[in-house]
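Chemist: Mind looking over this structure? Questions follow.
The values are calculated or read from the model by the stated rules, or taken from the named source; none is laboratory data. Values in this document were obtained by computation on a predicted structure and should not be read as measured data. Note: ideal-geometry Cβ built from the backbone for every residue, glycine included; neighbour counts use all protein chains shown.
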Amino acid sequence: MTTLARAPELPTVPPRTTLTKPRRDWNGWKFVWPFALVFVLTFITPLAYALWLSLFQNKMVGGNQFVGLDNYVFALQDPQFWEGFGRVLLFLVVQVPIMLGLALLAALAIDSARLYATGFYRIVIFLPYAVPAVVAVLMWGFMYGDNFGLAAGINEWLGSEVIRPFAPSWVLISIGNIVTWQFVGYNMVIFYSALKTIPTDLYEAAEIDGARGWQVIRAIKLPGIRGAIVVATIFSIIGSFQLFNEPSVLQPLASNVITGSFTPNMYAYSLSFAGQQYNYSATVAIVMGVITAVIAYVVQLRGSRKEVR
Amino acid sequence: MKRSTSTILTKAIAALAAAVLSAATLTACGGSSAPGGGGGTGAGATGSAADLDAALQKGGELTYWTWTPTGQAQADAFMKQHPKVRVKVVNAGTGGDHYTKLQNAVKAGAGAPDVAQVEYYALQQFAISDALLDLKQYGLGGLKDLYTPSTWEAVNVGDGLYGLPQDSGPMIMAYNKEVFDENGIDVPATWEEYIAAAKKIHEADPKAYITNDAGDPGFINPLIWQAGGRPYQVDGTNVRIDLQDEGTKKWAGMWNRLLQPGLLSDIPSWSDDWYKALNNGDIATLITGAWIPGILESSVEQGKGKWRIAPVPSYDGSPDTSENGGSSQAVLKQSKNPALAAAFLRWLNSSDESIGVFMEGGGFPSTVKQLNSAEFLGETPEYFGGQKINEVMVKASQHVTSGWRYLPFQVYANSAFADTAGQSYIKRGDLNAGLQAWQAQLVTYGNQQGFTVNK
């Protein structure tokens, strides 16, 4: 298609098809269709189906009926949903900066070339990410156990019930600890590989100008990996809003504290699997998906705007 | 720098897509919703007793979903007798997982088994959603006298018979005699004595408790039942929920005296910690169903010789008790061969041979004849120090009070317990407040689902 646009630059040869409209070129689709097919099947269809479901109500008595936006009106006023949302928001605001801060620190430390055995540290910090999430949470669950677990042991040693990982005021911290443990290494690898792409002549120039230590980090390294930081932040925001594995696996150990509506995703799960409320569950999932998309988009916009400047 | 911005943008969009996608797939596995609550393809709405024998003669294939340990052995014995019938036994999960799969198959209109295990508390829910076949049309109503009254009551919903009882779980008390002896405690006959024993045990060893309760609705309903509470009244789609009726309040008042001073361990039942605490004597009693001996024997090995069975403590010295758990088997409307399925079910839960296999595996039956057989009553298992435990438990099965109903959405109700009543447990607050919160949630849900609740 681009060749047609260049026609005015070739005045010597009169255009052959000046009068007929350019024909639609379907060649592109021949290459795209395998992707398009999978995309429609796995992405568009479930989304459309969820949207469709969210417009109905299927009752145990009375059957299925179209209710328009009733489910959405209910979701927007549903205290259980907003309580769960508030919880993941709090989690996001506290846990994500800590996790990314630690990851950044680790990446800068390894990149500083002042450590011995950096390869070893890199592997060790990354290793938790290689443990399947469910296994990791089960493991932490054993340690958190305040009857027979590590927490019980420490409490006994201290002679008082100081550590109570499943108490209502502790449980979010306990979950945050697991998530941080799991994902610091992952984010560190993102940051570290971004640091490696910074051209070395910048460092040489900085050295000649007499910059050292913090100045290099602030003036070269951090701006250089800003893109990676924005991406990691967006991933982390999405991960926080979708918090499910950790509380879900810990739930049998603290069912009164980690309720069925502890996070929005858990709420959607228990709505459909315990309450048979598939329609409302779809609504909750869509509302949460839209909120996540908007917040992630805003973060992304802010991140890239600063970068252009 | 510009270029990296655009790759970030693509990555961000991809991440967003992933976020929305996973939200969508989460809801998409719900299954389609057939209008009218989902009946099956196999109509099978008519039939008679003669059809069952004819179906057995003709033969065919059946699928049976169960988590009963002897399920396969029973099916094998059946196929030996009826070589033309093939029964495929599937373990689709225990309790909640099983019901989720069953409910999804019912909604989808395909994929459900012919015969399925359904606990008494869940039977009404499946009956009312039109998933189960009324067995009266095959004359199975005539089997009534084989079963204990309470289990028979549990499989009758409205005018229909929706299952045949497999086992029963009259509520009894299992206790660790060693712990009792160490503390000089007699077996409590009343709840008053039970509370006194609870104090004594916990004072002697702060890590030891008389029992555990982390807030388990499957445990609390039978306790309310025993206290005379009848919080759920069901008449078709009219439902009354009153978790503040006299009996319920009586139980809550008594249990408050254990919960509020911290005399109950908060270890959740069936957790690893729970088994550890049972093994080392940190939990001294279990108020539970008559199916507990097999579990103690297999999973609480260190308790061998220490545990005993006693009647559940009472409020006024009467032997009244309730049913804690227990299952029935039911025929699904989706079955393509309902007569054969009903014939298998009839054999499974009423023939001496099948019940014999079931009891060999440690099951506690629901049939009067087997419960009262001299052999069963005379058993003296070593684990329980040679005590004739079945005598105690069979006696309990004769004192199960009548008139109890579960909600037609009890599976949901149980799942909503932790979110509401469970909060009383965390705060060690008044259970009545928690029960009221639970009730409010159940009323809202029931009305949303088209029932007429408390109106």
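Chemist: Taking only pairs six or more apart or across chains, which ones have beta-carbon atoms under 6 Å, a first residue in the stretch A:64-84 that is more than 24 Å from B:A108 (Cα to Cα) and touching a residue at least 60 places away in the same chain (Cβ under 8 Å), and a second residue that is assigned to a loop (DSSP other than H, G, I, E, B) and not hydrophobic (A, V, I, L, M, F, W, C)?
Modeler: A:Q80/A:S261; A:G84/A:S261; A:G84/A:T263
Chemist: Hey, can you tell me all the residues within the stretch B:157-182 that are at pLDDT 95 or above and polar (S, T, N, Q)?
Modeler: Result: B:Q166, B:N176.
Chemist: I need a count of the residues in the stretch A:41-88 that are among the acidic types (D, E), farther than 20 Å from B:Y412 by Cα and more than 23 Å from the chain's Cα centre (by Cα).
Modeler: Looking only at the stretch A:41-88, we keep the residues that are among the acidic types (D, E), and these are A:70, A:78, A:83.
Those still in the list that are farther than 20 Å from B:Y412 by Cα too: A:70, A:83.
Now drop any that are not more than 23 Å from the chain's Cα centre (by Cα), which leaves A:70.
Count: 1.
Chemist: Something else: Could you list, in sequence order, all residues of the stretch A:135-151 that are among the aromatic types (F, W, Y) and either modelled with pLDDT of 95 or more or surrounded by 21 or more Cβ atoms within 10 Å (Cβ to Cβ) (or both)?
Modeler: Matches in the stretch A:135-151: A:W140, A:Y144.
Chemist: Based on this model, can you work out whether A:F241 counts as within 22 Å of the chain's Cα centre (by Cα) and either under 30 Å from A:S112 (Cβ atoms) or of a type in the set (D, E) (or both)? Let's see the steps before the verdict.
Modeler: Values: within 22 Å of the chain's Cα centre (by Cα): yes; either under 30 Å from A:S112 (Cβ atoms) or of a type in the set (D, E) (or both): no.
So A:F241 fails the test.
Chemist: Test of understanding: among A:V67, A:V88, A:V96, A:V131, which residue is more than 30 Å from A:I198 (Cβ to Cβ) and at pLDDT 95 or above?
Modeler: Details: A:V67 fails: at pLDDT 95 or above; A:V96 fails: more than 30 Å from A:I198 (Cβ to Cβ); A:V131 fails: at pLDDT 95 or above.
Answer to the check: A:V88.
Chemist: Still on this structure, I have one more. Can you tell me which condition A:S174 does not meet? The list is (1) buried (at least 17 other Cβ atoms within 10 Å of the Cβ); (2) assigned to a loop (DSSP other than H, G, I, E, B), and all the others hold.
Modeler: Going through (1) buried (at least 17 other Cβ atoms within 10 Å of the Cβ); (2) assigned to a loop (DSSP other than H, G, I, E, B) one by one, A:S174 breaks only (2).
Chemist: For A:Y129, are the conditions met, namely being crowded, with 17+ Cβ neighbours inside 10 Å and within 21 Å of A:V96 (Cβ to Cβ)? Quick ask: steps written out before the conclusion?
Modeler: On the way: crowded, with 17+ Cβ neighbours inside 10 Å: yes; within 21 Å of A:V96 (Cβ to Cβ): yes.
For A:Y129, the condition - crowded, with 17+ Cβ neighbours inside 10 Å and within 21 Å of A:V96 (Cβ to Cβ) - is met.
Results for (1) part of a helix (DSSP H, G or I); (2) more than 7 Å from every other protein chain (Cβ to nearest Cβ); (3) modelled with pLDDT of 95 or more; (4) within 30 Å of A:M139 (Cβ to Cβ), shown as yes or no for each residue.
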| position | (1), (2), (3), (4) |
| --- | --- |
| A:I217 | yes, yes, no, no |
| A:I237 | yes, yes, no, yes |
| A:G275 | no, no, no, no |
| A:A293 | yes, no, no, no |
| A:R302 | yes, yes, no, no |
| A:E307 | yes, no, no, no |
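Chemist: Also: Every residue in the stretch B:292-326 that is under 18 Å from the mean Cα position of the chain (by Cα) and without any contact (Cβ under 8 Å) to a residue 12 or more places away in the chain, please.
Modeler: Matches in the stretch B:292-326: B:I295 only.
Chemist: Being surrounded by 20 or more Cβ atoms within 10 Å (Cβ to Cβ), touching a Phe, Trp or Tyr at 6+ places or on another chain (Cβ under 6 Å) and over 23 Å from B:E297 (Cβ atoms) narrows it down to one residue among B:I201, B:I220, B:I224; which is it? Write out each step before concluding.
Modeler: On the way: B:I201 fails: touching a Phe, Trp or Tyr at 6+ places or on another chain (Cβ under 6 Å); B:I220 fails: touching a Phe, Trp or Tyr at 6+ places or on another chain (Cβ under 6 Å).
Just one listed residue meets the conditions, B:I224.
Chemist: Same structure, new question: Find the residue count for the stretch B:256-300, including only residues that are of a type in the set (K, R) and more than 14 Å from chain A (Cβ to nearest Cβ).
Modeler: Of the residues in that region, 1 qualify.
Chemist: Return a yes/no flag: does the stretch B:369-391 have any residue that is more than 30 Å from B:Y138 (Cα to Cα), surrounded by 22 or more Cβ atoms within 10 Å (Cβ to Cβ) and touching a residue at least 40 places away in the same chain (Cβ under 8 Å).
Modeler: yes
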